[in-house]
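The values are calculated or read from the model by the stated rules, or taken from the named source; none is laboratory data. Because the structure is predicted, anything quoted here is derived from the model rather than measured. Using ideal geometry, Cβ is built from the backbone for each residue, glycine included, and neighbour counts are taken over all protein chains shown. Keep in mind that these areas ignore ligands, DNA and RNA; they rest on the heavy atoms of the full protein, side chains included. Shrake-Rupley method; radii C 1.70, N 1.55, O 1.52, S 1.80 Å.
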Amino acid sequence: MSDLFWLTDEQMERLRPFFPKSHGKPRVDDRRVLSGIIFVNRNGMRWRDAPREYGPHKTLYNRWKRWGDMGIFMRMMDGLSAEKAEPQTIMIDATYLKAHRTASSLRFKKGDPGRLIGRTKGGMNTRLHAVTDQNGRPLSFFMTAGRISDYTGASALLDSLPMAQWLLADRGYDADWFRDALEEKGIKPCIPGRRSRGKPVKYDKRKYKRRNRIEIMFGRLKDWRRVATRYDRCPNVFFSAICLAATVIFWL
């Protein structure tokens with residue numbers, strides 16, 4: 001049991017306000033079940049392979065599926081990040097997450113947005129767009145198919161940006177409309193200009209060096225095998241895995 005993951009009393013107290021109310025029959029031990037869910041997601045294993053110390057694997061999966069559909073794991077990250085974030089300087093970037101063959105079927109019904117998986121030079125991928133605080137801790141995510149550009153993620157995350165003084169981003173986000181939108185929100189962009197620009201763009205190079213923290217954040221997220229490789233066909237389930245990983249790594 002010493003090699004297994006167990007939530008501490010302090011961590012449980014911080015997570016408990018986000019648990020849904022139990023109706024009728026009391027829920028099975030929250031600490032045991034949630035610790036098992038985290039263990040399975042971190043190690044990228046099948047639910048049936050979960051250690052017996054966490055209880056029946058069906059209980060783990062049913063809790064995972066039910067809470068994921070309710071958006072509990074997303075609310076955990078949003079709630080905890082709102083309490084501890086330091087958004088004086090924020091950062092935005094995106095990364096590719098490789099899709100396993102079990103998740104990479106592109107079939108979808110008419111009117112369905114699909115599985116958010118696209119074909120790129122590196123194979124079948126999902127793209128994760130993120131905004132972090134000045135310490136590289138994630139504040140919000142947006143998920144698209146792998147071939148979608150940085151501009152789409154920036155546009156989707158624009159309204160959710162917190163009040164900040166600076167926004168750091170690489171030259172992939174160098175667009176006049178994005179700079180103007182940031183200025184309207186009172187945020188100063190620190191973004192290098194594209195090489196195709198005729199006139200160089202001035203930016204704070206010293207401040208820009210801190211942008212490596214969002215790259216470190218992506219690297220730590222990908223330490224979780226269920227995040228680094230997408231096994232789940234349903235995009236909502238995969239997004240729940242990302243939010244759970246971010247909560248445990250950065251906000252607990």
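A few remarks follow.
- Hull-based mean projected area of the range 39-137, where the convex hull spans the alpha carbons, in square nanometres: 9.2 nm²
- Efficiency of FRET from Cβ geometry, Asn212 and Lys58, R₀ 51 Å, rounded to 0.05: 0.75
- Computed from the C-beta positions of Asp223 and Lys65 and an R0 of 25 Å, the FRET efficiency is 0.55 to the nearest 0.05.
- Using the Cβ-Cβ distance between Arg48 and Arg27 with R0 = 22 Å, the FRET efficiency computed as 1/(1 + (r/R0)^6) comes to roughly 0.55.
- Derived scalar couplings ³J(HN,Hα) [the range 218-223; Karplus, 6.51 cos²θ - 1.76 cosθ + 1.60; whole Hz; x for Gly, Pro]: 4, x, 6, 4, 6, 5
- Near the amide H of Thr120, within less than 5 Å, lie the amide hydrogens of Asn125, all on another chain or at least 5 residues away, with H placed in the peptide plane.
- Rolling a 1.4 Å probe over the heavy atoms of the protein chains gives the range 91-218 an accessible area of 56 Å² per residue.
- Estimated translational D of the range 212-252 in µm²/s (Stokes, Kirkwood radius over Cα pairs; 20 °C; 1.002 mPa s): 204 µm²/s
- In the chain, Cα pairs under 8 Å separated by at least six residues give a relative contact order of 23 percent.
- Dipole of the chain [Lys/Arg +1, Asp/Glu -1 at C-beta], most positive-end residue of Gly123, Trp64, Leu4: Gly123
- When DSSP beta bridges are restricted to pairs lying wholly in the chain, around 70% turn out antiparallel.
- Here the 3J(HN,Hα) profile of the range 227-236, calculated from phi with Karplus coefficients 6.51, -1.76 and 1.60 at θ = phi - 60°, is 9, 4, 10, 7, 9, 8, 6, 6, x, 5 Hz, Gly and Pro shown as x.
- Column: log10 I(q)/I(0), Debye, Cα scatterers of the chain, q = 0.09, 0.14 Å⁻¹: -0.44, -0.99
- Theoretical gain in end-to-end length, Arg147 to Tyr96 [0.36 nm per residue, Cα-Cα removed]: 17.4 nm
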